[in-house]
There are 4 protein chains.
Amino acid sequence: MIVVMRHGAPQESIDAVVRAVEEMGFKAHLSQGTEVTLIGVIGDERPIDPEHFETLEGVERVVPILQPFKLASRDFKPTPTEVEMDGVTVGGEGIVIMAGPCSVESREQLRETAYAVKEAGAHALRGGAFKPRTSPYSFQGLGREGLELLSEVSAEVGLPIVTEVMTPADVPLIQKHAAMLQIGTRNMQNYALLHEAGRSGHPVLLKRGMSSTIQELLMAAEYVLSNRNYNVVLCERGIRTFEPSTRFTLDINAIGVLRELTHLPVIVDPSQGTGKASLVAPASRAAIAAGADGLLVEVHPHPERALSDAAQQLRPEQFEKLMRELRDIAHAVGRTMHGELLADGALSVSGA
Amino acid sequence: MIVVMRHGAPQESIDAVVRAVEEMGFKAHLSQGTEVTLIGVIGDERPIDPEHFETLEGVERVVPILQPFKLASRDFKPTPTEVEMDGVTVGGEGIVIMAGPCSVESREQLRETAYAVKEAGAHALRGGAFKPRTSPYSFQGLGREGLELLSEVSAEVGLPIVTEVMTPADVPLIQKHAAMLQIGTRNMQNYALLHEAGRSGHPVLLKRGMSSTIQELLMAAEYVLSNRNYNVVLCERGIRTFEPSTRFTLDINAIGVLRELTHLPVIVDPSQGTGKASLVAPASRAAIAAGADGLLVEVHPHPERALSDAAQQLRPEQFEKLMRELRDIAHAVGRTMHGELLADGALSVSGA
Amino acid sequence: MIVVMRHGAPQESIDAVVRAVEEMGFKAHLSQGTEVTLIGVIGDERPIDPEHFETLEGVERVVPILQPFKLASRDFKPTPTEVEMDGVTVGGEGIVIMAGPCSVESREQLRETAYAVKEAGAHALRGGAFKPRTSPYSFQGLGREGLELLSEVSAEVGLPIVTEVMTPADVPLIQKHAAMLQIGTRNMQNYALLHEAGRSGHPVLLKRGMSSTIQELLMAAEYVLSNRNYNVVLCERGIRTFEPSTRFTLDINAIGVLRELTHLPVIVDPSQGTGKASLVAPASRAAIAAGADGLLVEVHPHPERALSDAAQQLRPEQFEKLMRELRDIAHAVGRTMHGELLADGALSVSGA
Amino acid sequence: MIVVMRHGAPQESIDAVVRAVEEMGFKAHLSQGTEVTLIGVIGDERPIDPEHFETLEGVERVVPILQPFKLASRDFKPTPTEVEMDGVTVGGEGIVIMAGPCSVESREQLRETAYAVKEAGAHALRGGAFKPRTSPYSFQGLGREGLELLSEVSAEVGLPIVTEVMTPADVPLIQKHAAMLQIGTRNMQNYALLHEAGRSGHPVLLKRGMSSTIQELLMAAEYVLSNRNYNVVLCERGIRTFEPSTRFTLDINAIGVLRELTHLPVIVDPSQGTGKASLVAPASRAAIAAGADGLLVEVHPHPERALSDAAQQLRPEQFEKLMRELRDIAHAVGRTMHGELLADGALSVSGA
């Protein structure tokens, strides 16, 4: 952390800042520039707010130097983390595709989707039972009944389940039915939920807040990790910008940035990230080309009858075509689809 | 809701949309333009997703016509709502100032602040016991102990308490100590919390999500209102933009927009909205000049020792000066400070 | 400027950065933290790109310390600058209101507006002759003819003219007819235009780019100032954000921020900043309450017939009411309207 | 265009709007909903501002239905446009890579770069002679001398030139030296420049404004097209968002959106779109995977000595590696690199 003094700050202000730095157990390191004086704060600055020094007389601003996250950083753990969910590894060499309907609506709808995505090569089944909806008048999900349908269909089709948990009290219930707990964009900074998901030890899919910075996403992950749960998969799902032609702006740069900053796996949600079925395929290809470890894709057998997010769900035949395209992209970037039987007869097993 | 067909969409697509509209219980109304065909959906469109029709063959896009909120709208209730908190009315003629420290840190700190803001003319005491912090390594608030300090000091000084509730399970506890439940920017779309706050019947201060639209803020209020709790005060607290010189961009336009759309009271948080103590006074004056019903201001006796948000907390003497300025602005816009004794000897009682 | 080395950067990388700093004529100042090494660059960093050092081996990032503008800064000139336009002073004690139609449409329209705004107390007449329009199919302004109408009506009514110049070749022409050259939001970084406006020596009204940072606005002003033209008035006019209910988000915080950073006068355009006539009055009051030196307001005798920006132009009677409100706000913040005869009989003359 | 009347608007207001619509030569089409009345405006709405009707009594808002651009739209021209620049076709089947230094700095630097990018397979040479710089104190480009170096090296190496033109007066000069005129992000709405570039008939590379919507980009193209110059290539180069870890957020969705809306070729600038050399490769791969027709990439033989944008320029060896990756991605999406000799011996010639 560096404290930048105002132009012309008197010596007594500088001395007071130095004293304040030292009182907090840090070493102060003065640097006298031609126009301003800088005071370096030497030590682990993470637990202190930069604002602490900003209120002192004569201080212009404070510049943090260290990234505020620790357990999530590549400095802390240089090797990539692999997260297991019922035999499927996210973050290994193989690309993992999680697909399914936005909402669980009925046994028939869920089974039809599950068989279709499994057939097309998906590795996990996604589907919402508890749905965060902007309007209290919209369909809110089937709740507990939806979870039971997910369990039942998962067992029948043989795909692990990813589903959203919206509030701390529901963690044990969801954990019983799902292989991975999804924390949605609106709950990325729901700290009670992050703590509870952390304590559960269960794999967590943490979606970036729609207006959260990458640093804040990593700080949210840090809440889970600091509860000794290292099974965290990060998900870029589009951010809010001024552009109105898509529901969100998929931040494709985030994949590369996260790769440099963290060891955690990174997947992309092209359905939320675009909001429009016709844009899902290009966004999905782009994500894998940019280095994502997987995708979370919405698929519905009859989008025109869907009870939520109808416009962005792929039909099974669109999804099947996309899976073929993704395999080609994966190979072009030197990866395979998870579990893919390669030309030379070897099964690609992530991380093996 | 208007369904816009693609240029050159065939008659059978148009017919199919008309059928779909009618199957949902609405009347369809065709309008044949020179380039495109429009299909009006006649009826209360609120419960249906526009996306529902977007997936149909030949549809270009769907334009919602009605605002999606109902109970929060001026159409539903044309007269302003007044929210009572322990004898203080928010949304009446008098401007209400809620002031206090960002976090409750100790009995001494809280008492010192409470006496100072009361002396300066504040109407309620704010202070966080449970704190949503970006970093798990930052001070997280005193929790239950902080609540008890708030209760104790509130009784001693005679100011009602506003404090944040972060998770549904804490609603009963906070309700016992506070006159108003604050729902913070990160929890504006924490639906379980909104429902619980709604069911409590207790006054709610709902802060706008830092990247939520005004419409989304009103939809969040609708969650509380639809639980038959009409005691909701809205709070503009700055939104996230590309501008880096302030922590957030205070959306001053939101005050006027909300006035037109809703009957609920609107206050402003100039401390969060600027992130910097020196900018709090201009932002506060602007808010009252633009028509806000009150402010939520952070005040700390020794900001340089504050455990959170140090940079944006006013010192008591700064707050006292601000209160005098605000009174002048209030008069300039034809209002008074809540409880203010006017020149002609009449006590201004909000709503009286 | 501070060069932050990567965690674990080898000594030879550190040495290479030090050499690079010294080769550019700066002094390097090492600061060895517990986790990273910092290298301070001592000297006037303004002419060098921080990026210069970012490409060196082992460098994580570079943090600029000094503000990149110089002539526009308060450090360079601590006292407020007053800009004269035909006897009207912007930036003095008096608030200056520039009002008139978005576009000059006809002699009648312009005269009717000019008399109305003069009567209501405006100090200058605004009106566009050359109009930057998003669509090539929209009305593009009357051009040269519009300028002549402005000259004629200005002389008749006795109000100085502010009008937009869109391209360097037009500067001499506009300068002949207008007391102040307006550079619009789309041209804030049109550097050829900034240079030409600088060389003209004429007063310049520089509007903030709709997605420019405050620092970029000051750098654009620096282009004009560095041509020895110090007659620059800055104008906050709303920035682009995710909020769709207003055309732009008026950045009210910018007023306070600019006050701290620069000596140049700051005015606000509440018409562009809101995009809606009913929001102009609250935004105008807020701007003056926050400390703006004036306003640029669109007024049209018959907005429903306006050829551009119809929705945001005030009717003369709305403008007249607004002027009365503004006077009250001005007094509440200890200022007067430019040229206002105060109660005690003294004429308020800005800067006098 | 649809005029939405306010809830409860009286019949006389409705009649007045109908009259206004008819007076402008359109047909009005009434649609009486359960809560509000809609008035459809039948005819080509492009030349009229929606705001025109927003000012009428009783009108709540106006919803445009048609896209405001015409010549740029797919409806107007369903087949893709191919733009020729000295024998290189942009927008055909082959991917076109334009590479070179941010700024032309010297003959040596330019020749070294040109040979390197040619060798690696680039199809055109980019390089700035006139540079738009945020600061007047930064290197502003070599100007005319830079253009002459570009011409000379272009002839020697055999690569067409793309270079930026910043002001209308320079169009003839730049046109003499360059195969394609680049209009930069800060000038996307410099209408005098767009007109002049249109009149020149020369190929134009139009970069999206850093905070312009996709619709505004197409409207800017419309300015060029409406001057009968159909040789326009669009370029996504990153937009301004709240995310601070990259200089801009590359809007990968824009590629798919533009594909649907326009027949013009679309390329991507991954150097500006990320601002950091290490992120250029993932962004480039993503762009081609998403369907871009080409890239504009910054390459410098010694980025650490570059006079502008040092941090985002690739070294020749990085560029060479990227070109190999891009070829694999191009094949994966069923395309080739422009001029690439395919396995079966046929030369891929765009559009042939």
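Once Rh is set to the Kirkwood radius over Cα pairs, what Stokes-Einstein translational diffusion coefficient, in µm²/s, holds for the stretch D:229-316 at a temperature of 4 °C and a viscosity of 1.567 mPa s?
96 µm²/s
Based on the alpha-carbon gyration tensor of the stretch D:70-185 and its eigenvalue square roots a ≥ b ≥ c, which shape applies: rounded if a/c is under 1.5, prolate if not and a/b is larger than b/c, or oblate?
Oblate, since a/c reaches 1.5 and b/c is not below a/b.
What number in nm² do you get for the stretch D:59-137 if you take the convex hull of its Cα atoms and divide its surface by four?
10.6 nm²
Along the Cα-to-Cβ line of D:MET24, 7 Å from the Cα, sits a label point; which residues in the stretch D:42-68 have backbone N less than 12 Å from it?
D:42-56, D:62-65
How much accessible area does A:TYR191 have with a 1.4 Å probe, in Å² rounded to the nearest 10?
Accessible surface of A:TYR191 is approximately 10 Å².
Semi-axes of the equivalent ellipsoid of the stretch B:155-278: what are they in whole Å, largest first, if each equals the square root of 5 times a C-alpha gyration tensor eigenvalue?
24, 17, 13
For the stretch B:18-102, which semi-axes, largest first and in whole Å, follow from the square roots of 5 times the eigenvalues of its Cα gyration tensor?
44, 14, 12
Enter the accessible area per residue of chain B (Å², integer; probe 1.4 Å; all protein chains in place).
33 Å²
When the accessible area of chain D is computed with all protein chains present and a 1.4 Å probe, what percentage of it is carbon and sulfur?
Looking at chain D in its full context, I get 50 percent from C and S.
Let me know the mean shielding of B:176-186 by other chains, meaning the per-residue number of their Cβ atoms within 10 Å of its Cβ.
1
Would you report the distance distribution of C-alpha pairs in the stretch B:7-163 as whole percents per 5 angstrom bin, up to the bin with the largest distance?
Spelled out per bin, shortest first, that is 1, 8, 13, 11, 8, 7, 6, 7, 6, 7, 8, 8, 6, 3, 1, 0.
Working with all protein chains in place, sort C:ARG144, C:ARG228, D:ARG327 by solvent-accessible area computed with a 1.4 Å probe, largest first.
Output order, biggest surface exposure first: C:ARG228, C:ARG144, D:ARG327.
How big is the accessible area of C:ARG199 in square angstrom, nearest 10, if you roll a 1.4 angstrom probe over the protein chains?
Ignoring ligands and nucleic acids, C:ARG199 comes out at about 150 Å².
Using the crude model of +1 on Lys and Arg Cβ and -1 on Asp and Glu Cβ, and no other charge, please compute the dipole size for the protein assembly as shown relative to its Cα centre, in debye to 20.
The calculation lands at about 0 debye.
Threshold 30 Å², probe 1.4 Å: give the residues of the stretch A:201-225, in number order, that are less accessible with all protein chains present than with their chain alone.
A:SER211, A:THR213, A:GLU216, A:MET219, A:TYR223
Normalised radius of gyration for the protein assembly as shown, please: alpha carbon Rg relative to 2.2 N^0.38 Å, two decimal places.
0.89
In square angstrom and rounded to 100, what buried accessible area do you get between chains C and A, total over both, with the probe at 1.4 Å?
Heavy-atom accessible area buried at this interface is about 2000 Å².
Taking each pair of distinct Cα atoms in the stretch A:166-205 once, what is the resulting Kirkwood hydrodynamic radius in Å?
By the Kirkwood definition, the hydrodynamic radius is 9.9 Å.
What is the percent of Cα-Cα separations in the stretch B:278-319 that go past 13 Å?
53 percent
Report the Cα-based extents of the stretch D:130-183 along its three principal axes, largest first, to the nearest Å.
In descending order, the Cα extents are 34, 21, 14 Å.
Report, in degrees rounded to the nearest 10, the 0 to 90 angle that the Cα long axis of helix C:144-157 makes with the longest principal axis of chain C.
Between helix and principal axis, roughly 60 degrees.
Please report, for D:PRO10, the nm distances (one decimal) from its label point, 7 Å out from Cα along the beta-carbon direction, to the equivalent points in the remaining copies, shortest first.
Reported distances to equivalent positions: 5.0, 6.9, 8.6 nm.
What lysines sit close enough to C:LYS176 to cross-link, taking a C-alpha to C-alpha distance under 24 Å and skipping anything fewer than 8 places away on the same chain?
In chain and number order, the partners are C:LYS118, C:LYS131, C:LYS207.
Per the Debye formula with a single identical scatterer at each Cα and no solvent contribution, what log10 I(q)/I(0) holds for chain D at q = 0.08, 0.12 Å⁻¹?
One equal scatterer on each Cα of chain D leads to -0.44, -0.84.
The values are calculated or read from the model by the stated rules, or taken from the named source; none is laboratory data. For clarity, every value in this text was computed on a predicted model and none was experimentally measured. Here Cβ is always computed from backbone atoms with ideal geometry, including for glycine, and neighbour counts include all displayed protein chains. Ligands, DNA and RNA are excluded from the accessible area calculation, which covers all protein heavy atoms including side chains. Shrake-Rupley method; radii C 1.70, N 1.55, O 1.52, S 1.80 Å.
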